[in-house]
Amino acid sequence: MSNAAAKPSAEKQWFGHPRQLAILFTSEMWERFGYYGMRALLILYLVQHFVFADRVANGLYGAFTSLVYLTPLIGGLIADQYFGSKKAVKFGAILMSAGYLLLAFSGGENAKPYVMINDQRYEVAIDNDGEDAGQYVVSGENRYKISGNDDGSITLNGATGADLPANVGADSYRFDADRNDVSVILLFLSLGLIIVGNGYFKPNISTIVGTLYPEGDPRRDAGFTIFYMGINLGSIISQFLAPLIAVAYGYQWGFALAGFGMLLAWARFHFAGPALADYGNPPPNGKNRDFIIVIASLLAVPVAWFLLNNAMETASVAHEVAATGIVAYIASQPLLGQVMFFVYVIAMIGIPLWAVFSLKSVERDRMIVAVVLTFFSVVFWTLFEQAGSSLTLFADRNTELDILGVYTMPAGQVQIFNPLFIVIFAPIFSVMWLWLGKRGLEPSVPLKFAIGLVLVGLGFLVLVFGSQFHDANYLVPLFWLAFAYFLHSLGELCLSPVGLSMITKLSIKKLVGMMMGVWFLSSAMAQYVGGIVAQFASTETVGGEVLNAQVSLETYLGVFKTIGVAGIIAGVVLLVLWPLLKKGMHGVK
C-alpha cells in the first residue's frame, strides 16, 4: 500500500488520468503477455513434449492454475504488512521471468513413448509423414500400426500372434514414456517460480492502481477499466505469437518469448524511477522483514514443486470414480486437492452458519448472499477455464484449424478468441449497463451471475451441436469453437466485473479481508475442479497423438454436453433464487 495520499490531478496527465497509470498499464500488459503466452502452450507442452497421459497433464494443469490463483492472497497480505506493493511487484516479476526462462530450458529431448503389453515392454515409434503416418509398436524388426477401438482395446495391424496379438484388450496394455528426471524436476521448479512470483505481482500492481486516485475520485473506475485493457492487449499479442513461434522453432522459444515479455514488465516498472516514488512503499513504522520474506519465498518454490509432483504421481494412478463415491474420490485426490476441498467445504458451510447465529438480520442476509454467489462463481469458472486444457486439446485433435486454405491456426492460438471478444464487447456492455441503469433496468448482481452461467453452459452445447458437421477425419469446423468462445466471453462480461466488487459491498467491514480470501480460494478451487473436469475428457494417446479420432471426439462431446447442461441448470437455479437473493442484499447494487 502507498504511504502517501494519492496526489491530485494537477500533475501531468495520461488521457485524463495520473501519468503513473501508463507505467502500470504497460507493466501489466507485458506481464500478461508472458503469462498468457505460456498458458497457450502449457497443456500441449505437457502432452506432446513430456508425453504425459491426458489425465496426468490435465491434473497438473489444474493444480498449477489453482496455485496461481491462490498465492495472490498470500502475496497481497505480505505486501500490506511488510514488503510494500512496489517491492512485491518487482520481486514477483523477477521470479516469474526466471520461471518462464527456466521453463524454456526444462524440456531437453522429447520423452520417448513405450507400451506395456501383457507385462512386456515395447518401444513406440511415431511416423508423421505421408500415408504411413501414425503410431507403431516395435517388436524386433517388425512394426505394427496401432489403431484404437471404441471399447478401449487396440488393434496392432499386421500382427499375427507370433510375437504380438492382433488385438489387445483395454486391461492388457498401458502407454507411458521415458522422461528425463532432471527435465521433470526443472519443469516443476519453473512452474513453482511462476506460482510464487504471480502471488506477488498480480494483486499488488492492482493495489497501486487504486492508490493513484484520491478517495471519491470519479476517474477510479475508468482507470481500472483502462488498466484491465492492458491485460487483454498483452493476452492477444502473446496468444497470437507464442503458438506460432512454438510451431516454427519449438516450445522452448515460445516460453522464451514469455520470459522476454516478463522481463519487459519488470524493466518498465523498475526504471519508472521517481514517477512511482510515492506509491506502493512499505507501511510506515513497519519492521523490515525483506531478507526473511525473500528466503521464505524461495523456499516456497520447492513446496510448489512437491505439490505438483504429488499431483502428477496421484493422477498417474487410475481411479474408479463411480465405484468409490464422492468421499473416497476426494480422498484419492492429491494433497493439494484434499486440503482445498476440506477448507472450501468448511468455509461454504461455516460462514453462513456463523452469520445465522452471530449477525443481525441485514448483515446476516448479505453475508449469506455473498457466500451463495461465491459458490456459483466456482461453477462458472470451472467451466470457463476449460479454455486452457480440454478446449485446447479439442482444438488440437478434433478441430479443422485450416482457414480457407490460407492459414492454419496452431491449436494454442484458439485461446485468443476470448480476449478478442472481450476487447470488442467490453465497451458495448459498459454502455449497455449504463443505459439500462439510467432507466432502472440494469440486472442485479445475482441476475448477471445467472445470465453468465447460462451463457457458459450454452457455449458448450453450441459446440456439441456444431460437432455433427465434422468431416471424415472427425474434425469440427473452427467456427463452432469460436462461437463457443464468443458465448463464454459474453458470460464473463456478465459475471467477472462485478465479482470482487460484490464481495466488498456485501461483507461486513471487519470481515472483508476474510471474504476476499474466500473469493480467492473459490477462484483457486474452480481452477482445480476445472482440471478434474478436463480429466474426464481424457482420451488414450500415444506420443501426444490420439489413437482414434472418433473416440476422441465422442469423449469430448460427452463431457461438454454434461458440463453445458450443468452450467444451464446452475443458471436456472440461480434465476429461481434471484428474487430471494436480491431481497437479501437489502439495497446493495
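Only the coordinates and a few stated rules stand behind these numbers; no lab work does. Values in this document were obtained by computation on a predicted structure and should not be read as measured data. Reconstructed Cβ throughout: ideal geometry from the backbone, glycine too, with neighbour counts over all protein chains shown.
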Estimate the FRET efficiency between Gln13 and Lys438 by the formula 1/(1 + (r/R0)^6), using the beta-carbon distance for r and 25 Å for R0, to the nearest 0.05. 0.35
What whole-number distance in Å separates the alpha-carbon centres of the range 186-254 and the range 338-370? 32 Å
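Quick check for me: using +1 on Lys/Arg Cβ and -1 on Asp/Glu Cβ, what's the dipole size of the range 112-178 about its Cα centre, in debye to the nearest 20? Spell out each step's value before the answer.
Values: 5 positive and 13 negative charges, 26 e Å.
Computed charge dipole of the range 112-178: roughly 120 debye.
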Enumerate the amide H contacts of Ala177 below 5 Å, restricted to partners 5 or more residues apart or on another chain; note that Pro and chain-start residues carry no placed amide H. Tyr114
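Would you mind finding the longest exposed-site-free stretch of the chain, with exposed GluC sites (Glu not before Pro) meaning DSSP loop and at most 14 other Cβ atoms within 10 Å?
321-589
Can you give the FRET efficiency for Phe479 and Phe357, using 1/(1 + (r/R0)^6), R0 = 41 Å, r = Cβ-Cβ distance, to the nearest 0.05?
Efficiency, from the Cβ-Cβ distance: 0.15.
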Taking the alpha-carbon centre of each part, the distance from the range 397-428 to the range 280-318 in Å is 35 Å
Pick out, from Gln48, Ser183, Leu257, the residue whose Cα sits farthest towards the positive end of the charge dipole of the chain, with +1 on the Cβ of Lys and Arg and -1 on the Cβ of Asp and Glu. Leu257
Taking square-rooted eigenvalues a ≥ b ≥ c of the alpha carbon gyration tensor, is the range 60-101 rounded, prolate or oblate, where a/c under 1.5 means rounded and, failing that, a/b exceeding b/c means prolate? oblate
Phi-based couplings in Hz for the range 449-464 (Karplus 6.51, -1.76, 1.60; Gly and Pro marked x): 4, 4, 4, x, 5, 4, 5, 5, x, 5, x, 5, 5, 4, 5, 4
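Using a Förster radius of 22 Å, what is the FRET efficiency between Trp253 and Phe306 based on their Cβ-Cβ separation? Nearest 0.05, please.
Values: r = 29 Å, r/R0 = 1.33.
Efficiency, rounded to the nearest 0.05: 0.15.
What does the charge dipole of the chain about its Cα centre add up to, to the nearest 20 debye, if the Cβ of each Lys and Arg holds +1 and the Cβ of each Asp and Glu holds -1?
Numbers: 35 positive and 39 negative charges, 699 e Å.
The dipole magnitude comes to about 3360 debye.
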Computed from the coordinates I sent, Rg and Dmax of the Cα atoms in Å equals one of (i) 23.6, 70; (ii) 24.8, 87; (iii) 26.6, 89. Tell me the label. (ii)
Roughly how big is the range 378-450's charge dipole about its Cα centre, with Cβ charges of +1 (Lys, Arg) and -1 (Asp, Glu), in debye to the nearest 20? 420 debye
A chain fully extended from Phe429 to Leu404 at 0.36 nm per residue, minus the present Cα-Cα distance, gains in nm 5.8 nm
By how many degrees, 0 to 90 and rounded to 10, does the Cα axis of helix 478-506 deviate from the longest principal axis of the chain? 30 degrees
If the cut-off is a Cα-Cα distance under 27 Å, which lysines reach Lys90, setting aside same-chain residues fewer than 8 apart in sequence? Lys7, Lys12, Lys202, Lys287
Treating the angle as unsigned and between 0 and 90°, give the value, to the nearest 10°, between the Cα long axis of helix 251-270 and the longest Cα principal axis of the chain. 10 degrees
Taking the alpha-carbon centroid of each part, what is the distance from the range 494-546 to the range 30-80 in angstrom? 13 Å
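Could you work out the relative contact order of the chain? I mean the mean sequence separation of Cα pairs under 8 Å and 6+ apart, divided by the number of residues, in percent.
Relative contact order for the chain comes out at 24 percent.
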Potential lengthening between Asp129 and Ser153 on full extension [0.36 nm per residue; Cα-Cα distance subtracted]: 6.1 nm
Under the rule rounded for a/c under 1.5, else prolate if a/b exceeds b/c, else oblate, using alpha carbon gyration tensor axes a ≥ b ≥ c, the range 112-178 is classed as rounded
Going by alpha carbons, how many degrees (0 to 90, nearest 10) lie between the helix axis of 335-358 and the longest principal axis of the chain? 40 degrees
With the label point 7 Å along the Cα-to-beta-carbon line of Asn118 and a cut-off under 18 Å to each amide N, the hits in the range 130-150 are 137-147
Whole-Hz Karplus couplings 3J(HN,Hα) for the range 554-571, θ = phi - 60° and coefficients 6.51, -1.76, 1.60, Gly and Pro as x, run 5, 5, 4, 5, x, 5, 4, 5, 4, 6, x, 5, 4, x, 5, 4, 4, x
Once normalised by the length of the range 112-178, the mean sequence separation of its alpha carbon contacts under 8 Å that are 6 or more apart gives a contact order in percent of 31 percent
Cα gyration tensor of the range 290-448, axes a ≥ b ≥ c as square roots of the eigenvalues: rounded (a/c below 1.5), prolate (a/b > b/c) or oblate? oblate
Among Trp519, Leu60, Leu193, whose Cα sits farthest toward the positive end of the charge dipole of the chain (+1 at Cβ of Lys/Arg, -1 at Cβ of Asp/Glu, about the Cα centre)? Trp519
From the residues Ile326, Met502, Tyr173, which one has its Cα farthest along the dipole of the chain in the positive direction, the dipole being from +1 and -1 charges on Cβ of Lys/Arg and Asp/Glu about the Cα centre? Met502
Could you state the orientation-averaged shadow area of the convex hull built on the Cα atoms of the range 332-589, in nm² to one decimal? 15.7 nm²
